[in-house]
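Just below is one structure, and these are the notes that go with it.
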Amino acid sequence: MQSVTYKTEGAKNLEKALVQLGRSAGFKALTGAMRDAAKPIIVDARNNAPSKTGTLKKNIISQVFRGKGYSDSVATLHIGFRKKKAWYGQILERGAKRHRIPSKTVGRGRNKTKNNAKVSWEKGKVYSNVNHPGTRPYPMLKRAFDRKHGASVKILRERLRQRIILESIKKYGKTA
């Protein structure tokens, strides 16, 4: 997937506040703000997703990982598909090239000939190998990101300020 990095002006004060909170409280404030910022992109991607069964829409998720950097206030936000339930989301997002499906994977044991070879049925004929024509990309995540990334950055700034204040009140009391 593509990666985009944002650097905001005036974030030094927020970073100092995160470092002063400590490792766990600062990371908690940062991850909460990043999850809040991801919501508009996730909602737009779910609205753009095809909905035959609704499984793909339900399994567009965000994850925040502790980043590697010089300070404790570095994190990475991933927005994507849950691997076990919506594994085909990446194929829809990027598309697929033309490819040959060998006879081992076609049919899955349901369609067998006399010599017990697995086959596929296409237009009423039996084939042992299938040439898949490929699929066009359906970039629901990219479109959602292109539309909503500005709003997400604004939400990130605002929620980060709010969460830093909340975590500092929890840690130091109301006199902070």
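Laboratory data are not the source of any read-out in this text; all were calculated from the coordinates shown. Values in this document were obtained by computation on a predicted structure and should not be read as measured data. In this analysis, Cβ positions are derived from the backbone assuming ideal geometry, glycine residues included, and neighbour counts consider all displayed protein chains.
Note on T53 and R147: with the Förster distance fixed at 30 Å, the Cβ-Cβ geometry gives a FRET efficiency of about 0.75. In this calculation the C-beta distance from K12 to K39 is compared with R0 = 30 Å, giving a FRET efficiency of 0.70.
Can you tell me the length gained on complete extension of the stretch R136 to V19, counting 0.36 nm per residue apart and subtracting the Cα distance? Show your work: numbers first, answer last.
On the way: separation 117, 0.36 × 117 = 42.12 nm, distance 4.57 nm.
37.5 nm is the gain from fully extending R136 to V19.
Rounded to the nearest Hz, the phi-derived 3J(HN,Hα) couplings of segment 87-98 under the Karplus curve 6.51 cos²θ - 1.76 cosθ + 1.60 (θ = phi - 60°) are 4, 7, x, 5, 5, 5, 4, 9, x, 9, 6, 5, where x marks glycine and proline.
Using a Förster radius of 45 Å, what is the FRET efficiency between R98 and K174 based on their Cβ-Cβ separation? Nearest 0.05, please.
Working: r = 65 Å, r/R0 = 1.43.
The formula returns an efficiency of 0.10 here.
Spin-label pair K85-I61: with each label point 7 Å from Cα along the Cα-Cβ axis, the two points sit 0.8 nm from one another.
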